[in-house]
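Student: Input: one structure, supplied below.
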Amino acid sequence: MILYGTAYIDGELKKRYIGIEDGKIDFVKKHYKGDVEVKQIDEIILPAGIDLHVHFRDPGSTDKEDFYTGSKAAAFGGVTTVADMPNNHPPILTPDTFDKKLQMVEERSCIDFALYSLIGDDVGSMIEKTGLFKVYLSSSTSTEKKIHEDGIRKVYKNGGKIAFHCEDEDYFNKPGTDLPGYNNYRPVESEVQAISSLNELPEGPKRVCHISTKKGLQEALSDGFSVEVTPHHLFLNEEAFLGGFGKVNPPLRTQNDQIALWESYERGDIDFLASDHAPHLEDEKTDFIDAPPGIPGVETMYPLLLHSVSMGNISLSTVIETIAEKPGRYLNTKKGKIEEGYDADLTMVDFRKIETIDRENLHSKAGWSPFEGFNAVFPVHVMSRGEFLIKDNEFIGDKGRGKFISAKA
Ligand code: DOR
Ligand code: ZN
């Protein structure tokens with residue numbers, strides 16, 4: 001197959017022929033003379049998104065999401081690769097739980113996926129299976145800490161990578177009953193202290209998940225950790241009228257923090273944009289105190305950012321670097337770029353087609369979005385390894401076609 005259109009290549013939009021064979025980009029050329037039929041693309045061709053942080057709830061809470069609905073929602077948002085977190089029921093901590101999850105996800109996912117493991121006693125076997133690990137930092141007894149440190153050392157020795165959820169419970173206050181109260185409950189200091197404590201852990205690549213505050217970001221940057229930011233911390237703050245629907249860990253912060261995150265995003269300080277797609281049902285989120293924390297976002301992330309590009313609020317190159325190129329490298333995979341030898345994972349968008357986010361048009365089982373009413377640029381076509389998943393806004397992807405990415409070095 002050969003596509004012809006305006007594509008994002010080497011940091012610029014250029015008119016090119018893109019040859020695709022066996023799911024990979026075979027060539028990118030200015031001129032093509034041959035007898036293969038060329039498919040003219042009227043939209044702008046961009047690398048598809050890679051979301052390093054999703055919770056597709058499978059296994060354990062498939063009433064909130066399963067890997068089919070989650071991966072389909074991702075595809076509608078131009079994301080064709082996800083890395084799924086291990087806080088399942090049961091938690092992904094042993095070879096057996098990992099293998100069962102992998103088998104089930106292989107049957108359901110319509111996009112490619114990587115899977116994180118937690119770090120426990122079995123870390124030696126888990127290293128064989130995946131290069132991605134997740135650590136939830138919280139105050140722990142010294143014995144627990146020792147297990148962690150040995151495990152972390154093992155992961156790093158084998159070329160693995162670790163993503164850290166940084167909130168230190170020692171700095172928590174009393175829970176509040178609204179979003180500013182929730183921000184105060186898990187304050188800035190709890191994030192900063194948790195990030196700073198990573199310096200005491202064994203040497204190796206450390207990625208700080210969902211940084212939400214200016215101080216947290218400064219700490220992570222000065223320590224040389226890689227930095228992940230979510231769309232909800234970029235687009236929302238504690239003043240949003242969301243009640244329990246805005247409850248998330250780490251919390252929505254002040255407007256000042258939100259502005260600081262945008263400024264550092266523009267400066268190029270942020271490595272990864274990741275949704276932390278954490279769906280919960282509408283019923284569960286209506287009562288603030290009882291609402292479980294978490295916000296869905298895999299489908300709206302890239303479209304929100306592309307709208308920001310169309311408004312001149314952020315450069316296309318920064319968005320693509322953080323949503324495709326760097327995440328692709330992080331996963332040790334040939335994804336995230338339109339270049340010979342890379343997977344043909346593409347999203348095709350018309351920047352003039354601005355839509356308002358409406359829950360009726362979204363595909364997560366969550367059934368709601370904190371971004372309702374926000375403007376966004378959704379893709380018209382989406383391709384994964386040369387196969388259309390979305391064609392003219394219609395989903396035509398197959399359940400179970402997604403491939404596992406081990407992400408190992
Ligand atoms: O708000 C959150 N929800 N933060 C997390 O770290 C976990 C997530 C979830 O799984 O619901
Ligand atoms: Zn998360």
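The values are calculated or read from the model by the stated rules, or taken from the named source; none is laboratory data. Note that the coordinates shown come from a computational prediction; the quantities given were computed from them, not determined experimentally. Methodologically, a virtual Cβ is constructed for each residue, glycine included, from the backbone with ideal geometry; neighbour enumeration extends over all protein chains shown. Please note that ligands, DNA and RNA were not included when accessible areas were found on the heavy atoms of the full protein model with its side chains. Shrake-Rupley method; radii C 1.70, N 1.55, O 1.52, S 1.80 Å.
Student: Can you give the relative contact order of the stretch 63-152 as a percent, counting alpha carbon pairs under 8 Å and 6+ residues apart?
Tutor: 29 percent
Student: Skipping prolines and chain starts, which residues have an amide H placed within reach, meaning under 5 Å, of the one on ASN249, given they are 5 or more residues away or on another chain?
Tutor: Amide H neighbours of ASN249: GLY294.
Student: At q = 0.08, 0.17, 0.21 Å⁻¹, what base-10 log of I(q)/I(0) does the Debye formula yield for the stretch 1-152 when every alpha carbon is treated as an equal point scatterer in vacuo?
Tutor: The Cα Debye sum returns log10 ratios of -0.36, -0.96, -1.21.
Student: Under the rule of at least 5 residues apart or a separate chain, name every residue whose amide H is placed under 5 Å from the amide H of ALA114.
Tutor: Long-range HN contacts for ALA114: VAL82, ALA83, ASP84, ILE405.
Student: For the stretch 325-407, what percent of Cα pairs sit more than 21 Å apart?
Tutor: 45 percent
Student: Among the GluC sites (Glu not before Pro) within the stretch 213-252, which fall in a DSSP loop and have no more than 12 other Cβ atoms within 10 Å of their own Cβ?
Tutor: Qualifying residues, ordered by number: none.
Student: Next question, about the same structure. How much accessible area per residue does the chain have, in Å², with a 1.4 Å probe?
Tutor: 40 Å²
Student: Okay, next question. Of the accessible area of the chain, with the probe set at 1.4 angstrom, what percent is carbon plus sulfur?
Tutor: Of the solvent-accessible surface of the chain, carbon and sulfur hold 45 percent.
Student: What's the longest piece of the chain with no exposed trypsin sites (Lys or Arg not before Pro), counting a site as exposed if DSSP puts it in a loop and it has at most 16 other beta carbons within 10 Å?
Tutor: After excluding every exposed loop site, the longest remaining stretch is 34-333.
Student: Could you give me the percent of Cα pairs per 10 Å distance bin for the chain, shortest bin first, beginning at zero and ending with the bin that holds the maximum distance?
Tutor: That works out to 5, 23, 34, 26, 10, 2, 0, in percent per bin.
Student: Compute the length gained on full extension between ILE259 and ASP358: take 0.36 nm times their separation in residues and subtract their Cα-Cα distance, giving the result in nm to one decimal.
Tutor: 33.1 nm is the gain from fully extending ILE259 to ASP358.
Student: Grab the stretch 23-126 and count how many Lys pairs have their alpha-carbon atoms under 24 Å apart, sequence gap of 8 or more, or different chains.
Tutor: The result is 10.
Student: Let me ask another. 7 Å from Cα along Cα→Cβ at both ASP26 and SER406: what's the point-to-point distance in nm?
Tutor: Once both label points are built, they end up 2.9 nm from each other.
Student: If you don't mind, another one. Quick check on the chain: helices-only [θ] at 222 nm, where DSSP H runs of length 4 and up contribute -39,500 (n - 2.57) each and the sum goes over total residues. Nearest 500, please.
Tutor: Rounded to the nearest 500, it is -8000 deg cm²/dmol.
Student: Explain nothing, just compute: Karplus ³J(HN,Hα) = 6.51 cos²θ - 1.76 cosθ + 1.60, θ = phi - 60°, for every residue of the stretch 162-175 in order, whole Hz, x for Gly and Pro.
Tutor: Coupling constants for the stretch 162-175: 10, 9, 10, 8, 9, 9, 9, 4, 4, 9, 6, 10, 5, x Hz.
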